[in-house]
Every structure is written in structure tokens, then in C-alpha cells.
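Before any comments, here is the structure.
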């Protein structure tokens, strides 16, 4: 089954250099301790950032979200935003990368003196990792779309803050597993009030009568591409609403799409085995894809 993160294999990725706390290691030699907070507890934050035509897309927004999440977790990154930018640029320069690159920037709370969850068991500074890879999204996904299924896993504050891009991804992984068991590519998650919130790895939109709807944002990750689509709609005179809506609204929608940093705007052609727009990418979805590509200079 296709996923929103399908990409074309690139042999150059076998020899990438990975940044770990100021040093660089060949992919096969890049390691963190088994006593690292990220490995032990999923204690940390991360961002996925695209490099396109020598530009790190929406970098300020990504760093703002990284620092927002770290502050919410009471995690002192110990580097400034400018220092992280320099580390990103140094990583790209060492790997001689200019475009079609996806970066995973990871900050964990750091090394533990013993496997214990309390932050006071942490010794030293956070672990900062930058993994750059050549990745081009599979065009068949953005052209032909994906299938979704409603899952039982709820997106809410009872387990963890859904607005934080946390290393602890159990909530999303549980939804992903449910979706796969239902024969879908991603899981569509509700909020605790029964309204549609998000997918397990992308933000969710529907189109009804030429209006674009997305969730209120209270229970989903504040996606960078999500905010870009909202801006594009406003700029181009397309009605856009952040609001509560139900799964019944979704099943009867004219078009559906999801958004993410890696693949951009991805059409959804089926939800709970109900075809959307006769199982094909919709007109307005295609228009928004073109607006998005134009903004990126693609």
C-alpha cells in the first residue's frame, strides 16, 4: 500500500554523514547510547525539514515549533536557533546537498545515568541529531492519492499534548497500525468530542461546495504545510474554515486531501471504503497542489 512518505530510493543515502552533538559520523557509524532519553523514553522533540533548491523551506516556522515543544516539555535545548541553523547548514555542506533532501532534526533530553523517566536522572546536555537524506516523494502518491480509515485511537490531551511534535509517537503509531489492519494507508483520528481531528502522520482537509474545511487545530499538530495551505486559500480567494466537523461530513465530501512537510498536498480517494470524487484527485485539490508548487518554486 502507498503511504504519504513513499519515496524513490537514492544510492547516495548509503554514504551520508550524520550530525551528532557537533560531530559527524558515516551513516553506518552514527549511534547514540542505549541510555539516551530518546531511546529509553521517547523524551524529546523533532522536526522534518525539506531542502529545495538550496533553501530550507519554512525553516523559521519549524524552529519555532521545535522550541515551543521543547519549552512545553521543560527541555533546554542549550543551543540558540542560529546555532541550530548553522549546524543544519554545516551538515548539508559536508554532504554536498543542494536540493531534494529531507532532514530529520532530533533533540532528546540527553543521556540518563539510569533508566528512569524523571528529568533529574539526566546527565549532561541534550542529544542533538541531524539526519539528511535524498528523498523525492513518489509522484504516484500525489497524483493517484491514498486511502484512509477511521480508527478508534483518539487524538487528545489525556495521554500527551497533541500539539507537540514529540519523539513519543505511540498515539500515532497505534492509529497507523489500526489503519493498516483495515487496509488503509493512514488512520483518520477523532478528537475527544467526536469531531475529526487529524491523520496519524498528516493534517486533514475536506472540500464541500468549494469550501475548504480543516479541524479547529486544538487537537492536532500545528502542521507547517497545513498553515501554508490555509494561507494559500486566503491569498487566492478560496473559502477556508478551521472548524469542527463530523465523519458524516467527511464521507459526503466532494474532495479530501492531507498535507505534510515531505509530500506536500496529497489527495485522498477513499475513506472507510467510500470513494471520494469517484476515486480520483479532485479539481480544487489539484489547483491547490499547483499553488503550493508555485510557492516553492518547483
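Observations
- Between segment 196-241 and segment 247-298, the C-alpha centres lie 11 angstrom from each other.
- Selected from 198, 122, 225 as most flexible by GNM, with the chain as the system and alpha-carbon contacts under 10 Å: 122
- Between segment 36-76 and segment 106-178, the alpha-carbon centres lie 11 Å apart.
- Gaussian network model of the chain, springs between alpha carbon atoms under 10 Å - residue of 168, 278, 209 with greatest fluctuation: 209
- Coordinate range along principal axes, alpha carbons of segment 139-296, Å, largest first: 38, 29, 28
- Helices in the chain, meaning DSSP H runs of at least 4 residues, each add -39500 (n - 2.57). Divided by all residues, the mean residue ellipticity at 222 nm is -8000 deg cm²/dmol.
- Computed over the chain with a Gaussian network model linking Cα atoms closer than 10 Å, the most mobile of 175, 149, 280 is 280.
- Over all projection directions, the Cα-based convex hull of segment 152-228 averages an area of 5.6 nm².
- Once the Cα atoms are used to define both axes, helix 81-94 deviates from the longest principal axis of the chain by about 90 degrees.
- Axis of helix 283-296 versus longest Cα principal axis of the chain: the two differ by about 30°, to the nearest ten degrees.
- Cβ crowding within 10 Å ranks 189, 89 as 89, 189, fewest other Cβ atoms first.
- Order of 34, 212 - criterion: other Cβ atoms within 10 Å of each residue's Cβ, fewest first: 34, 212
- Convex hull volume per residue in cubic angstrom - Cα atoms of segment 11-134: 94 Å³
- Rounded to the nearest 10 degrees, the inclination of helix 170-181 to the longest alpha-carbon principal axis of the chain is 50 degrees.
- When 281, 158, 226 are sorted by how many other C-beta atoms sit within 10 angstrom of their C-beta, beginning with the fewest, the order is 158, 281, 226.
None of the figures in this text is laboratory data; all of them are computed from the coordinates on show. Note that the structure is a prediction, hence the values are computed from the model and not measured. Every residue, glycine among them, receives a Cβ derived from its backbone with ideal geometry; neighbour counts consider all protein chains shown.
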